[in-house]
Structure formats: structure tokens, C-alpha cells
Amino acid sequence: MPGNARTPRVRLHFACYALAIATTVVTTGRCFEGGAGLAAQAAGFLLVAAAVLWRLWTTLFITGRKDTELVREGPYAACRHPLYLGSVVAAAGIGLTTRSLTLCLALPLAIGAFAAVAARREDAALAAAHGAAWRAYRDATPAFRPAWRRMGLPETVNVPPAIYRKAFLDAASFLLLWLLVLLAETLRAGGAWQPMLRLP
């Protein structure tokens, strides 16, 4: 999608994460405490790290080609929207890091809803641009649930360094969000301020 079409979606994503951080700051009453809380935060880190690596890997195949070609290689052979899948996995990880069951459910659901809307728009654009080739790809490839056995690799992939650097920063921003949520949750749990609301 063109950059200006992506801007509202990016803003909505980060508004959602900003709300999650603010909610972490002002609420108490966590569902996951003690060892369960530590396990939730560790699992959250693993999910965010996996999402970052997945998004970087996916970017190798799409960067510089998304608006001109029907990409069907690598992760795009396994599912049609692997970048959005990575975003939902990262949201689940950030939700777990809050140790709140409410945020664990709400954050990936919200990001998933944004991703579903964006995916439908991209599918419509690809259908208009590539016609029968896209319809064959759609019929053979799931939208989000990867068919791992379909993921073949080309011999080479050309990636413009300047564009990939931007993609690296985009993927790494999920780690920054994870750190901010972890910091907010740690300070809140340590009594740095008095929360105003209870949120399980």
C-alpha cells in the first residue's frame, strides 16, 4: 500500500499501544501474580522477539515490491498477510507483559481487527492489479494462518538497504513498546505511584 494509505493505520496501532501503556500505569489488580506473572512476562518477551524476527524475515521478500508485484515467495507462500500476523503476535506478547488478563485479550483483538480491515483493502487492491493470478494465489494461500509446508525459498532476494533499514526500525519498535510496558508495569508494581483503577 502507498505510504499515505498506511499512515492512518500506523497511527491507530500506536494509539492502541499508547492506550495500553497508559492503562498499565493507572490500573492495578493483575490476574497474573508471582511466578505466573514472571512466566507471563517471559512468554510476552518470547512472542515479541519472535514477531520482530518474523517481520524482519518477511520484509526481505516484500520490501520494494509490494506495490508493483504479486509476491508469493517465502512467508508469502505460507500466508497472504505475514506482516499483519507478526503484528498480532507482538500485540499478544505485549498484552502478556502487562500481566492483565483484560489487556492480554483486548490488545491482540484490537490489533487483529485493524489488521483484518487493512488485509481486506490490500486484497482488493491486489485483485484489481493482478486479476486471475491473485485469485489463484488467494484460493491456494490462507490469509493469516500459515501453511508452513508451502513456504519455499528463492535462490536470491534483492533488498534495497535504505528501505530495509526503515523496516528494521519498524520491527524493532515492537521491542521498544515491550520495554515501555515492562517498565511501566514494574514501576507500578513496585509502588512508584498509586494506581487509580482495578483491571484484572
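The values are calculated or read from the model by the stated rules, or taken from the named source; none is laboratory data. Small disclaimer: the values here were computed from a predicted structure and weren't measured. Cβ atoms come from the backbone with ideal geometry, glycine included; neighbour counts cover every protein chain shown.
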(request) Answer yes or no as to whether VAL181 is farther than 27 Å from THR102 by Cβ, out of contact with any strand residue (DSSP E or B) (no Cβ under 9 Å at 6 or more places or on another chain) and either surrounded by 13 or more Cβ atoms within 10 Å (Cβ to Cβ) or at pLDDT 85 or above (or both). (result) no
(message) Cβ-Cβ under 6 Å, sequence separation 6+ or interchain: first residue in region 97-123 and among the acidic types (Asp, Glu), partner surrounded by 19 or more Cβ atoms within 10 Å (Cβ to Cβ). Which pairs?
(response) none
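Test LEU107 against the stated conditions and say whether it is closer than 18 Å to VAL88 by Cα and modelled with pLDDT of 90 or more.
When the stated conditions are applied, LEU107 passes them.
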(request) Could you give me the residue pairs with C-beta distances under 7 Å whose first residue belongs to region 2-16 and is closer than 16 Å to VAL117 by Cα and in a helix (DSSP H, G or I), whose second residue is of a type in the set (Gly, Ala, Ser) and at pLDDT 60 or above wherever it lies, and which are 6+ apart or on separate chains? (result) ARG9/ALA118; CYS16/ALA110
(request) Working carefully through the options ARG145, ARG121, find the one that is in a loop (DSSP other than H, G, I, E, B) and within 24 Å of ALA90 (Cα to Cα). (result) ARG145
(message) Which count do you get for residues in region 39-70 that are closer than 25 Å to ALA129 by Cβ and either of a type in the set (A, V, I, L, M, F, W, C) or touching a residue at least 12 places away in the same chain (Cβ under 8 Å) (or both)?
(response) 12
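Looking for something assigned to a loop (DSSP other than H, G, I, E, B), among the hydroxyl-bearing types (Ser, Thr, Tyr) and surrounded by 13 or more Cβ atoms within 10 Å (Cβ to Cβ) - is there at least one such residue anywhere in region 157-165? If you could, list the steps in order and put the result at the bottom.
Initially, region 157-165 is screened for residues assigned to a loop (DSSP other than H, G, I, E, B), giving 157-160.
Narrowing the set further to residues that are among the hydroxyl-bearing types (Ser, Thr, Tyr) leaves none.
Within region 157-165, not a single residue is assigned to a loop (DSSP other than H, G, I, E, B), among the hydroxyl-bearing types (Ser, Thr, Tyr) and surrounded by 13 or more Cβ atoms within 10 Å (Cβ to Cβ).
Report whether or not PHE61 is among the aromatic types (Phe, Trp, Tyr), within 21 Å of LEU183 (Cα to Cα) and within 18 Å of the chain's Cα centre (by Cα). Break it down into steps so the answer makes sense when it comes.
Numbers: among the aromatic types (Phe, Trp, Tyr): yes; within 21 Å of LEU183 (Cα to Cα): no; within 18 Å of the chain's Cα centre (by Cα): yes.
No; evaluated as a whole, the condition is false for this residue.
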(request) Mind listing whichever residues of region 138-147 are within 23 Å of the chain's Cα centre (by Cα) and surrounded by 10 or more Cβ atoms within 10 Å (Cβ to Cβ)? (result) ARG138, THR141, PRO142, ALA143, PHE144, PRO146, ALA147
